[in-house]
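Undergrad: Dropping a structure here in structure tokens format, bear with me for questions.
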Amino acid sequence: MHTILVIGGYGFFGERICHALAAEKSISLIIGGRSEHKAQQLALKLGLSAVQGVRIDAHSPELAERLLQLKVNTVIHTAGPFQGQDYAVADAAVEAGANYMDLADGREFVEGICQLDDRARARKVLVTSGASSLPALSSAVVNRYLPRFSNLDSIQHGISSGGRAPGLATMRGVFGYCGRPFYRLMNGKWRKVWGWHDLQHYRFPQPIGERLLGNCDVPDLALFPRRYPSVRTVIFKAGFGSSLGHRVVWLGARLVRSRLISSFVPMAAPLRRVSKWLEPFTSDKGVMFVELKGHDLEEKPLQLNWYLVAAQNHGPYIPCGAAIALAKKLARGEQFALGAMPCMGLLTVEEYLAALRHYDIQEIPA
């Protein structure tokens, strides 16, 4: 039996992961969080014993000892936002001899996980960050189609959410770079851009149609140029199912860049409340896309467009796919390269989407 602890297990993404893992016979699931009562409530709801819901203090210096006490084999860390966090949870997992994965989307956090590589190798565990849509799924899509290119020149990708408001931690994370500068590779040069600026009207296949997108700072912007050295452009943009909601965030980014306000993060909580109220009037469909450009094996120009469409507000399940798939593989005893690394090359697109097969999520292959 493989014991998996989900930290933040009753949270926005954690609860979805727990739902997917609770019935796995090879997994003994522990739901952890700051509230033992909430953890136990979810455990009972999932048909588990109340003792499988526990209080976990992710900031405790005794966390490693607690993991050893619970005999944890793998830790799934979902308690964001990860921007500004340190690696205390990953450190504790390594010290306890447990595998570790997280759903981080912070560029520096995911990129920096490699600093734990020597310790993870010594303890013979897997430590991976970004076990989510980015970079786990986005890199899997690029890897799938890479053999069709003699030269891959450009990766442009993005996500447009449906009507369901994400968790507050997620909103604080994405609002954190509203109007803030960051760098991305464009035409072979690193150029400064600003978060949620460069408003773009992007036309998706039906039933999505046209959506607004804006600049977002994500791990892929740093990781992809190193992983795919022929690439000269890497762009990621994101948007919302509501064009009004997107324009509000765009306006907030303008105010931050103009220094009329210091940060848009304080607006996360009130805007989340408004988004939940408007949810019935907003599209229930979210979409992710990856657009690859370069030359095919005969040196002819080649462009491939891949899409993943989620209906019935099932989009929030997509970021959970990597953790679910990796957890099941670890529980089956499948072997991975040991050490600490961003979550790239650990899953295929097929393995990722198999973890989401119970939801209304459809792939449109390139």
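The values are calculated or read from the model by the stated rules, or taken from the named source; none is laboratory data. Everything numeric in this text was worked out from a predicted model, so none of it was measured. Positions of Cβ are generated from backbone atoms using ideal geometry, with glycine treated the same way; all protein chains shown enter the neighbour counts. Each accessible area value is taken on the protein alone, full model and side chains, heavy atoms only, with ligands, DNA and RNA left out. Shrake-Rupley method; radii C 1.70, N 1.55, O 1.52, S 1.80 Å.
Undergrad: Per residue, what volume in Å³ does the Cα convex hull of the range 320-366 take up?
TA: Convex hull volume per residue, Cα atoms: 90 Å³.
Undergrad: Per 0.36 nm of contour for each residue apart, how much would the distance between Arg55 and Asp86 grow if the chain were fully extended, relative to their Cα-Cα spacing?
TA: Numbers: separation 31, 0.36 × 31 = 11.16 nm, distance 2.05 nm.
Full extension from Arg55 to Asp86 adds 9.1 nm.
Undergrad: Counting only Cα atoms, I'd like the Rg/Rh figure for the range 166-212, Kirkwood definition for Rh.
TA: 1.08
Undergrad: Return P(r) of the range 18-113 (all Cα-Cα pairs; 10 Å bins starting at 0; whole %; ordered from short to long distances).
TA: Whole-percent P(r) values from 0 Å outward: 16, 46, 33, 6.
Undergrad: Return the distance in nm (one decimal) between the two label points of a simple spin-label model at Leu146 and Gln335, each offset 7 Å from Cα along Cα→Cβ.
TA: Placing both labels 7 Å along Cα→Cβ, they lie 2.2 nm apart.
Undergrad: So, one more: Once you have the Cα-Cα distance between Arg203 and Leu297, take 0.36 nm times their residue separation minus that, and quote the gain in nm to one decimal.
TA: Details: separation 94, 0.36 × 94 = 33.84 nm, distance 2.84 nm.
Gain on extension, Arg203 to Leu297, equals 31.0 nm.
Undergrad: Just how much of Thr348 is accessible, in Å², when a 1.4 Å probe is used and the result is rounded to the nearest 10?
TA: About 60 Å², rounded to the nearest 10.
Undergrad: Let me ask something else. Could you please tell me the mean projected area of the C-alpha convex hull for the chain, averaged over all directions and given in square nanometres to one decimal?
TA: 17.8
Undergrad: I need the P(r) histogram for the range 130-198: all alpha carbon pairs, bin width 10 Å from 0 out to the longest distance, whole percents.
TA: 14, 37, 37, 11, 0
Undergrad: Here's another thing I want to ask about it. Using the Kirkwood radius over Cα pairs, work out the Stokes-Einstein diffusion coefficient for the range 192-340 at 4 °C and 1.567 mPa s, in µm²/s as a whole number.
TA: Here the translational diffusion coefficient equals 70 µm²/s.
Undergrad: Using a probe radius of 1.4 Å on heavy atoms only, what accessible surface per residue do you get for the chain? Whole Å² is fine.
TA: Averaged over the residues of the chain, the accessible area is 44 Å².
Undergrad: Given R₀ = 35 Å, FRET efficiency for Lys25-Ile364 by Cβ-Cβ distance, to 0.05?
TA: Efficiency computed from Cβ-Cβ geometry: 0.55.
Undergrad: For the range 1-68, divide the Cα radius of gyration by the Kirkwood radius and give the resulting Rg/Rh value with two decimals.
TA: Using Cα coordinates only, the ratio equals 0.95.
Undergrad: Rounded to the nearest 10 Å², what accessible area does Asp153 show when all protein chains are kept and the probe is 1.4 Å?
TA: Surface accessible to solvent at Asp153 totals approximately 50 Å².
Undergrad: Mind checking the angle between helix 243-257 and the chain's longest principal axis? C-alpha axes, 0 to 90 degrees, to the nearest 10.
TA: 90
Undergrad: How long are the semi-axes of the equivalent ellipsoid of the range 266-310, defined as square roots of 5 times the Cα gyration tensor eigenvalues? Whole Å, largest first.
TA: Semi-axes (√(5λ), whole Å): 40, 13, 5.
Undergrad: While we're on this one: Hey, if we sort His37, His157 by accessible area with the 1.4 Å probe, largest down, what's the order?
TA: Ranked list, largest accessible area first: His37, His157.
Undergrad: Loop-only check: which trypsin sites (Lys or Arg not before Pro) in the range 328-366 are DSSP coil with at most 10 other Cβ within 10 angstrom?
TA: Here the trypsin sites (Lys or Arg not before Pro) that fit, given the DSSP loop and packing criteria, are Arg357.
Undergrad: Filter Lys124/Lys329; Lys189/Lys300; Lys237/Lys329; Lys25/Lys285; Lys293/Lys328; Lys25/Lys71 down to the pairs with a C-alpha to C-alpha distance above 27 Å, please.
TA: In this structure, Lys237/Lys329; Lys25/Lys285; Lys293/Lys328 exceed 27 Å between Cα atoms.
Undergrad: 222 nm [θ] for the chain, helices only, -39500 (n - 2.57) per DSSP H run of 4+, per residue, to 500?
TA: -8500 deg cm²/dmol
Undergrad: Something else about it: Given the Cα-Cα distance of Glu350 and Lys276 and 0.36 nm per residue of separation, how much length would full extension add, in nm?
TA: Result for the pair: 23.4 nm of gain on full extension.
Undergrad: Provide the percentage of antiparallel DSSP beta bridges, counting only those with both residues in the chain; round to the nearest 5.
TA: Here the share of antiparallel DSSP bridges comes out near 55 percent.
Undergrad: So what does the Cα-only Debye profile of the range 257-349 read at q = 0.17, 0.21 Å⁻¹, as log10 I(q)/I(0), no solvent term?
TA: Each listed q corresponds, in turn, to -1.04, -1.08.
Undergrad: Report, largest value first, the span of the C-alpha coordinates of the range 111-242 along each principal axis, in whole Å.
TA: Principal-axis extents of the Cα atoms in the range 111-242, largest first: 48, 41, 31 Å.
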